[in-house]
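Reviewing the structure listed below.
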Amino acid sequence: MGTYAVTGAASGMGAAVAARLADDGHTVIGVDIKAADVTADLSTPGGRTTAAREVLDRAGGVLDGAVLAAGLGPAPGRDRSRLIAEVNYLGVVELLDAWRPALAAAGSGRAKVVVFSSNSTTTVPMVPRRAVRALLDRDVPRALRTLDRFGRMAPTFAYGASKIAVSQWVRREAVTRAWAGAGIRLNAIAPGAIRTPLLEQQLATPEEAERIRSFPVPIGGFGDPGQLAAWVVFMLSDAADFLCGSVVFVDGGSDAWFRADDW
Ligand code: NAI
């Protein structure tokens, strides 16, 4: 049995993953802004430092895996773009920087990491690449200067940029000596619309609800958190030993619908 850190463990897909891992007999260290083993606000540098350190303390310096599910969706509000950038991007990369030695300590090929991306990475048009580059440079104020020019669309683009940046980070890092070379498998999952509180919040805004409901999903409807958790648990298992640097789309066919020939 292993020890797994799960961010966003209080709700939605993070909670579903944490429950499955616990049911399988693993030790789960949940991180969230509320109702978790480690409560920390991942939108602040101090919160990220606390989360990183407390997880390492509880794990005794060895982690068999980590799931980075904490995140915020697009919603109105000027500060929303900053929160999205800090939680969805820095809340992943800074924690993984800190946890990497503990993951390597699990032994070669054992530790596995799953980061939550989104199919918005390939289905939301015109996400400004300057904002993505700024996030990859970990320069949130620079990203916000670009994003704020887009007015009401800023949070939507902030979300897309955060998920593109985190996917690029995963693919760049996964294949390096620091990750693959240290025996750690680093991958991402890109869900489509999944019925969680995050999606419900978006559906509560009439403009967003219309956009979401008219979005092409070839198999129809929304996904269920349990379905996605099953994929994540598989990606953490020995069966996923040969998976490295992949972004796995589990989205009812939307990504294929938009870019079947994009190869
Ligand atoms: P959710 O809203 O049910 O869960 C997200 C969790 O993140 C919550 O427990 C929340 O408290 C936590 N969180 C938010 N801000 C935080 C902060 N400042 N500090 C610490 N924790 C914080 O959302 P859901 O849907 O389960 O999302 C999980 C991941 O999946 C997110 O990264 C989201 O962007 C991604 N995703 C969700 C999709 C959906 O349709 N639900 C689609 C594609 C990706």
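The values are calculated or read from the model by the stated rules, or taken from the named source; none is laboratory data. Predicted model only: the values in this text are computed from it and were never measured. Note that each Cβ is placed from the backbone with ideal geometry, even for glycine, and that neighbours are counted across all protein chains shown.
A compact table of results
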{"read-out": "Failed criterion for Pro74 (all others in (1) modelled with pLDDT of 95 or more; (2) touching a Pro at 6+ places or on another chain (Cβ under 8 Å); (3) in a loop (DSSP other than H, G, I, E, B) hold)", "value": "(1)"}
{"read-out": "Any hit, segment 105-112, residues being surrounded by 18 or more Cβ atoms within 10 Å (Cβ to Cβ) and within 11 Å of the ligand (Cβ to nearest atom)", "value": "no"}
{"read-out": "Candidates Val55, Val28, Val6, Val38 - the one that is within 13 Å of the ligand (Cβ to nearest atom), in contact (Cβ under 8 Å) with a residue 12 or more places away in the chain and under 22 Å from Ile189 (Cα atoms)", "value": "Val6"}
{"read-out": "Yes/no for Leu72 being of a type in the set (A, V, I, L, M, F, W, C) and surrounded by fewer than 21 Cβ atoms within 10 Å (Cβ to Cβ)", "value": "no"}
{"read-out": "Search result, residues across segment 14-62 that are in a loop (DSSP other than H, G, I, E, B) and within 21 Å of Asn88 (Cβ to Cβ)", "value": "Ile33, Lys34, Ala35, Ala36, Ala40, Asp41, Leu42, Ser43, Thr44"}
{"read-out": "Residue in segment 199-212 that is small (Gly, Ala, Ser), over 25 Å from Ala9 (Cβ atoms) and at pLDDT below 95 present", "value": "yes"}
